[in-house]
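Asks: Dropping a structure here in structure tokens format, bear with me for questions.
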Amino acid sequence: MSNNPWVECFVKGEWIFETRFLIYSLGYCLLAYIGNTCQKSYFAEIKKDPKNAPDHRSFKAMIASRPTVIAATVHSVATSIISCGILITYYMQGTNKSWTTPGGINLLEVWQTVGLPISISYFLTDCYFYCLPRKDGLIFVHHIIMCLCHYPVVHNSGAVLSGAGNIEWVIWLSIIGYTSEVSTAVMNYRWYLINTLEENWIGFGITNTFVAASWAGRVVMFTYLLVKQIFPRKAEYVEQNQMLSYRVMVFGHAAIGMLSLHWCVVMLKPGFKNLFVFKKKKVKPIEEMTAGFSFAEEVSGGNKKEE
């Protein structure tokens, strides 16, 4: 038996994760192809007849400005539903909690065989379709950290090592960390509002405030997991000779927490008033639109507002 959880998952995982990873990756590639095709078609229409350009608020125009949004939304919604659904199902059982439902469904296995393959396949394909072409270093680092930290959980042979003998705890840690994807799902809705609203709407303020609060909540959650869940278990990792797993876990939670703090600050930088009041965006020139989507721009609220 190897003492490396990454190696153990790959060698003894029976190709369950790898098979689903390939299937989901093909699905994300298909979504990326649809997005890129939509983008080429939209910009071709604009160049052909600039005076009668398609409505910039149309679904086609929005996909053209951000071809990866379909895959990003599928990923954030799917992982949010699965992670939150598993935790709600578990904690609603009262005092006699079990990771196996009365119907015989193992909730931890659902996360290992469905949730994580959906997510890790997205992160790696998004690196190819978004991070590298756009040279978005922060998002690239985020994706790689997520893959590195969560892959050892996809099979019990790796989870027993990465959890210092406690398989249930380390899978729970993975699941609860993914509840943070709720903020990404809502932020995509915020992006939709920014690109389609014509005037101020109270729903925008509510959505914007929720997104900002969720970024702050991510910082609190990752701090709690470090201080209350991970640091107290250091002795167990020393005993199991798993300090590499421990250091990766500490680094991963600290890094994602810091990135969440950074994006929270970026979002609040324009001022608290911008959280509650919507100002219509200027329509970008085609040269800027073809340059592609920027995650940092989305977090901050897009381009300059009209006076």
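Values in this text are rule-based calculations from the coordinates and carry no lab data. Just so it is clear, the structure is predicted and the values come from calculations on it, not from any experiment. Virtual Cβ from ideal backbone geometry, glycine too; neighbours counted across all protein chains shown.
Asks: What FRET efficiency comes out for the pair VAL11/PHE231, r = Cβ-Cβ distance, R0 = 41 Å, nearest 0.05?
Replies: Working: r = 30 Å, r/R0 = 0.74.
Computed FRET efficiency for VAL11 and PHE231 comes out at 0.85.
Asks: What distance in nm separates the two pseudo spin-label positions at GLU18 and ILE81, each 7 Å out from Cα along the beta-carbon direction?
Replies: Calculated label separation equals 3.0 nm.
Asks: What Kirkwood hydrodynamic radius, in Å, does region 47-204 give when the mean of 1/r is taken over all pairs of distinct Cα atoms and then inverted?
Replies: One over the average 1/r among Cα pairs gives 17.9 Å for region 47-204.
Asks: Here is a follow-up. Assuming R0 = 35 Å, can you tell me the calculated FRET efficiency for the pair LYS273 and VAL114, based on Cβ-Cβ distance, to the nearest 0.05?
Replies: Values: r = 42 Å, r/R0 = 1.20.
Here the calculated transfer efficiency is 0.25.
Asks: State which entries of LYS135/LYS234; LYS97/LYS228; LYS135/LYS269; LYS48/LYS135 exceed 25 angstrom in Cα-Cα distance in the structure shown. Display every interim value, and only then the final one.
Replies: Working: LYS135/LYS234 36 Å; LYS97/LYS228 21 Å; LYS135/LYS269 23 Å; LYS48/LYS135 30 Å.
Too far apart for the 25 Å limit: LYS135/LYS234; LYS48/LYS135.
Asks: How do 220-231, 253-264 rank on mean C-beta neighbours within 10 Å, highest first? Please report the intermediate quantities before stating the final value.
Replies: On the way: 220-231: 15.0, 253-264: 18.8.
Ranking the peptides 220-231, 253-264 by packing returns 253-264, 220-231.
Asks: Would you mind calculating the gained length between ASN96 and PHE251 on full extension (0.36 nm times residue separation, minus the Cα-Cα distance), in nm to one decimal?
Replies: Details: separation 155, 0.36 × 155 = 55.80 nm, distance 3.39 nm.
Using 0.36 nm per residue and subtracting the Cα-Cα distance, I get 52.4 nm.
Asks: Whole-Hz ³J(HN,Hα) for each residue in region 127-142, computed from phi via Karplus 6.51 cos²θ - 1.76 cosθ + 1.60 with θ = phi - 60°, x for glycine and proline: what do you get?
Replies: Values, residue by residue: 4, 6, 8, 10, 4, 5, x, 8, 6, 8, x, 5, 5, 4, 4, 4 Hz.
Asks: Here is a further query. With an 8 Å Cα cut-off and a minimum separation of 6 or more residues, compute the relative contact order for the chain in percent.
Replies: Numbers: 354 pairs, mean separation 66.6, N = 307.
RCO, the chain: 22 percent.
Asks: Once you place label points 7 Å from the Cα toward the Cβ at ALA44 and GLU199, how far apart are they in nm?
Replies: For the pair ALA44/GLU199, the computed spacing is 3.8 nm.
Asks: Work from the charge dipole of region 5-300 (Cβ charges, +1 for Lys and Arg, -1 for Asp and Glu, about the Cα centre) and give the residue of TYR246, SER162, LEU31 farthest towards its positive end.
Replies: LEU31
Asks: Stretch ASN106-ARG134 to full length: gain in nm at 0.36 nm per residue minus the Cα-Cα span? Walk me through the intermediate numbers first.
Replies: On the way: separation 28, 0.36 × 28 = 10.08 nm, distance 3.98 nm.
Difference between extended and current length: 6.1 nm.
Asks: Using a Gaussian network model on the chain with a 10 Å cutoff between Cα atoms, which of GLY163, GLY35, GLY271 fluctuates the most?
Replies: Most flexible of the set in this elastic network: GLY271.
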